[in-house]
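One structure is given below, represented as structure tokens, and several questions about it will come after.
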Amino acid sequence: MGRPKITVVGAGNVGGTTAQRLAEKDIYDVVLVDITEGMPQGKALDISQAGPVCGYSTRVVGTNGYDETAGSSVAVITSGIPRKPGMSRDELLSTNAKIVKSVVSQLVARSPDIILILVTNPLDAMVHVARLVSGLPKSRIIGMGGILDSARMRSFIAAELNVPGPDVQAMVLGGHGDTMVPLPRYTTVKGKPVSDLMSKDKLDAIIQRTRDGGAEIVGLLKTGSAFYAPSASAVDMVEAISQDEKRVLPCSVLCEGEYGLKNVIVGVPVKIGRSGVEQIVEYELTGHERAALETSANAVRELCAAVDRLMA
């Protein structure tokens, strides 16, 4: 049996770095797709040429079309535009919805068994678009928000406590945006509750910094947005799927009654394996946490309603 084929759509910073990280695993064939002529081909060549130095022999193909993606088991969709100064939310929604709609239909036509990982923002709304367009079961359309948000929270806690990042476990639910719901009660350092290790004020500041995590990096970079942590988070999901890991990760998926949420896409803990989302795992939430998750879900509902209007 050959190596699983993983397609990455969008060869910008997030997509290019995702392809590089996948190549370095040395267990996949990687296809990098972008509409810009020469860009995916050049990056694919560059990644391939790093192989002899880094010790991998991954086949990386860059293309402006979709025929090379046929037979992909997973696709990571990073294509879309970032929000520019002066751009309205609806403009961003409309543009990226059209891009995701086109990408998804091209992918599914050539790989009917594919699992889609959405990275394009506004994330939860783009998962909604992929659902409308693809006809795939909800288990095979997954948004990458919560892993990134949790990684940011874990890194801030690790720095504050001067401990290794992997020793910190965190869970962030809700929409990938200002209304995300970090859960300090389910955040631990080597099994110890984080609330036993730092003051409430410190933890509250970290939670706020997590909410502002993307904006903080945009503010520093001036002409771009985060890509190292987003690409690492996307590859974490690819690994969980292709290696059938059954790990519980926070991802954006369609809820149909779980957490009291009906017919809305929002970040919740999910068990991920070879078939995609195998189960939504329900944590016990306090009344306050549940209300925050409901508020976040309502914000996503508004975004999805706006997408439906714009696509009508």
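The values are calculated or read from the model by the stated rules, or taken from the named source; none is laboratory data. Owing to the predicted nature of the structure, the values given are computational and were not obtained by experimental measurement. Don't worry about glycine lacking a Cβ; one is built from the backbone with ideal geometry, like all the others, and counts go over all protein chains shown. The area values use the complete protein model at the heavy-atom level, side chains included, leaving out ligands, DNA and RNA. Shrake-Rupley method; radii C 1.70, N 1.55, O 1.52, S 1.80 Å.
Within region 124-149, track down each residue that is open to solvent by less than 10 Å² (accessible area, probe 1.4 Å), out of contact with any Pro (no Cβ under 6 Å at 6 or more places or on another chain), within 21 Å of residue 293 (Cα to Cα) and in a helix (DSSP H, G or I).
Scanning region 124-149 gives 124, 125, 126, 127, 149.
Please enumerate the residues belonging to region 70-93 that are more than 19 Å from residue 116 (Cβ to Cβ), over 21 Å from the mean Cα position of the chain (by Cα) and assigned to a loop (DSSP other than H, G, I, E, B).
Result: 85, 86, 87, 88.
Please specify each residue of region 210-223 satisfying the condition of being open to solvent by 70 Å² or more (accessible area, probe 1.4 Å) and touching a helix residue (DSSP H, G or I) at 6+ places or on another chain (Cβ under 6 Å).
Passing the criteria: none in range.
Counting only residues that are over 24 Å from the mean Cα position of the chain (by Cα) and either assigned to a strand (DSSP E or B) or without any contact (Cβ under 8 Å) to a residue 12 or more places away in the chain (or both), which one in region 27-50 is farthest from residue 67 (Cα to Cα)?
Going through the qualifying residues, I end up with 49.
Against the definition (on the phi > 0 side of the Ramachandran plot, in contact with a Pro (Cβ under 9 Å, 6 or more places away or on another chain) and either in contact (Cβ under 8 Å) with a residue 60 or more places away in the chain or surrounded by fewer than 20 Cβ atoms within 10 Å (Cβ to Cβ) (or both)), how does residue 174 come out, yes or no?
Yes: the conditions hold for residue 174.
Further question on the same structure: Just a yes or no: is a residue in region 9-23 in a strand (DSSP E or B), modelled with pLDDT of 95 or more, touching a strand residue (DSSP E or B) at 6+ places or on another chain (Cβ under 7 Å) and surrounded by 16 or more Cβ atoms within 10 Å (Cβ to Cβ)?
Yes, some residue in region 9-23 is in a strand (DSSP E or B), modelled with pLDDT of 95 or more, touching a strand residue (DSSP E or B) at 6+ places or on another chain (Cβ under 7 Å) and surrounded by 16 or more Cβ atoms within 10 Å (Cβ to Cβ).
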